[in-house]
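Undergrad: Have a look at this one.
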């Protein structure tokens, strides 16, 4: 912490950063953006150089070819079906997992006895690596979008559930007593005290669970599917098309970043 | 003849603290007349707050019974307003929404309940802060808001557990004045727990002195200071000083054996 602050004040770059410059783009000044662009170009340049002179492009692909592949996917429109499948499955799993997790978290958070009874079972499921369930879900739900949603929902559910549960348990009991003395019914206490004060925890859970939703979807797509970004990665790798793998990875990063920043903006609007 | 607002009949409260059993208060017999202002003073840990929790119906006595208007107290007792030292405003609601929450729970229309909340906020001197959030208010202002929130549903009685304990001396005096002015008008029964003798004598008709744990009623002292009282001048009256001393003598006698024990 101390080392960090002293480094900041000593660093001439920091002076050009967000705090001292009002011309900011996404929260940081143009100086930072110039450096970021430099780093990006540096990486791409090194990559290109490596593929030209040092390492066989068979292993690492070629940035120009990656760009061409992505451009080609969009130009021919073949990417849309894959994009659509992955994003749709991610969003559905995210919404479903969040809804189930919030409800279960609140119910168990308010129900001491039930929580005690179920505790070892939940702990056991929680410690299980969720991707290990992919074959089972594919067996049950087939290779369509359902098995992807099932796996991703399961992962999201546990994260949201644990956060909601902790949030519900940490509600100030005096706030609850105050409302009880005003004659509030149980449902009113839940709506007006428990849920609002657990909301911060719920949002934290939602933010960390977006990557988990994508992991679930992509893993299931890689195992058995004929659509989706995960399928694209698997298919390209199957044809030893390294540039194709990288192209699909870039698309995946783009989706994840967009979803994350959308949620962050929603959170800011919700929580003061 | 009205029945007493609260009656304690042989009330004992025991807690388990691990393997140990703690007796918070023992064999309390006490009547609180309707419309009176009664203060309870005693050393910390003497079961004063326990008594209020039983009045509020948040705790059931281990033995004996607590009556409210001649009836056993409901659980929870929704006919009383309860104020503690803690800050219990909901941080995600504006002040007027906080104050109006009991009316909202009862299903009153928004325009009507907000209008009533604003009137009460004016009574406690918080006009202009209706739309603020609790975090934007000072400690004293939040106290006023909590008082308004309690008064808005016109409880038949109020239980106050060191409600001004966290305020500085000047602010506490201001709050005493605000509270007394409202009480003079409404005459709701108030049961006020404090460890501050001056506060008890300033506000109450009667001061009940508790002994150290296990708490028992040690003495009941009538405070015959005339009303309406001027909180800012009261402390200079000779009678005020005398009464304070009377209360202190009782407290002191109760404290000595506890010291010897320790």
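Where a number appears in this text, it was derived from the coordinates with a stated rule and is not lab data. Model, not experiment: these values are computed from the prediction. Every residue, glycine as well, gets a Cβ built from its backbone with ideal geometry; the counts of neighbours run over all protein chains shown.
Undergrad: With equal scatterers on the alpha carbons only and no solvent term, can you work out the Debye log10 of I(q)/I(0) for segment B:1-129 at 0.12, 0.17 1/Å?
TA: -0.64, -1.00
Undergrad: Can you tell me the Rg and Dmax of segment B:88-154, counting just the alpha carbons, in angstroms?
TA: That works out to 10.4, 30 Å for Rg and Dmax.
Undergrad: What number, in nm² with one decimal, is the all-direction average of the projected area of the convex hull of the alpha-carbon atoms of segment B:152-204?
TA: Details: hull surface 14.6 nm².
Value for segment B:152-204: 3.7 nm².
Undergrad: Still on this model: Ranked by Cβ crowding within 10 angstrom, fewest neighbours first, how are A:202, B:114 ordered?
TA: Fewest to most other Cβ atoms nearby, the residues stand as B:114, A:202.
Undergrad: Of B:36, B:135, B:62, how do they rank once you tally other Cβ atoms within 10 Å and put the fewest first?
TA: With the fewest neighbours first, B:36, B:135, B:62 line up as B:135, B:62, B:36.
Undergrad: Then there is this: Mind pulling the angle between the C-alpha long axis of helix A:30-49 and the longest principal axis of chain A? Nearest 10 degrees, somewhere in 0 to 90.
TA: 50
Undergrad: Share of antiparallel DSSP beta bridges in the protein assembly as shown, in percent to the nearest 5?
TA: Values: 22 of 41 bridges.
Antiparallel bridges: around 55 percent, rounded to the nearest 5.
Undergrad: Taking only C-alpha pairs under 8 Å that are 6+ residues apart, what is the relative contact order of segment A:74-270 in percent?
TA: Values: 237 pairs, mean separation 55.4, N = 197.
So the answer I get is 28 percent.
Undergrad: Let me know the Rg and Dmax you get for the protein assembly as shown when you use only its Cα atoms, in Å.
TA: Over the protein assembly as shown's Cα set, Rg and Dmax evaluate to 32.8, 105 Å.
Undergrad: In percent, what relative contact order does chain B have, based on Cα pairs under 8 Å that are 6 or more apart in sequence?
TA: 25
Undergrad: Among DSSP bridges having both ends in chain B, what percentage is antiparallel? Round to the nearest 5.
TA: Counting only bridges with both partners in chain B, antiparallel ones make up about 50 percent.
Undergrad: Now, a different point. What ranking do A:52, B:105 get, fewest neighbouring Cβ atoms within 10 angstrom at the top?
TA: Placing the least packed residue first, the sequence is A:52, B:105.
Undergrad: If you line up the long axis of helix B:110-123 against the longest principal axis of chain B, both from Cα atoms, how many degrees apart are they, to the nearest 10?
TA: Rounded to the nearest ten degrees, it is 60.
Undergrad: Given 4 °C and 1.567 mPa s, compute D for chain A with the Stokes-Einstein relation, Rh being the Kirkwood radius over Cα pairs; round to the nearest whole µm²/s.
TA: Working: Rh = 22.0 Å.
Stokes-Einstein gives a translational diffusion coefficient of 59 µm²/s.
Undergrad: Quick one: plug the Kirkwood hydrodynamic radius of chain B (C-alpha pairs) into Stokes-Einstein at 4 °C, 1.567 mPa s, and report D in µm²/s.
TA: 67
Undergrad: Across the residues of B:87-94, average count of Cβ atoms on other protein chains within 10 Å?
TA: Rounded to a whole number, the mean comes out at 4.
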